[in-house]
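Accompanying notes for the structure given below.
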Amino acid sequence: MITEVSTVMFRRKLGEMLGKIRSGNDSIVISKHGRPIAALIDAALFARIRRQQERFDALAARMADDFAGTPQDDGMAAIDRACRRD
């Protein structure tokens, strides 16, 4: 579940919020003036997100190398074909 709280409420209930995160069943979006500014998530989830980001960055770098010199429209068409699930 995702809970949204203001910065003021987050400061008041920090211990409670950390308990919700520790249970692994909750994530918290912290907002200021109605705009999200941060998210608090379980450390294991954060580690998975970081690994996925590293894998994505490596894939993007390989694709940039593979498509170097290819016209953008041709490259995008090739990517669209590869992503299509018919």
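The values are calculated or read from the model by the stated rules, or taken from the named source; none is laboratory data. If you're wondering where the values come from, they're calculated on a predicted model, not measured in any experiment. Cβ placement follows ideal geometry from the backbone for every residue including glycine, while neighbour counts extend to all protein chains displayed.
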Next on the checklist: Being touching a helix residue (DSSP H, G or I) at 6+ places or on another chain (Cβ under 9 Å) and either exposed (fewer than 12 other Cβ atoms within 10 Å of the Cβ) or at pLDDT 90 or above (or both) is true for just one of Ile37, Ile21, Ile49. Which residue is that?
Outcome noted: Ile37
Item to check | Within region 23-48, tally of residues that are without any contact (Cβ under 8 Å) to a residue 12 or more places away in the chain and of a type in the set (D, E, K, R) | outcome: 2
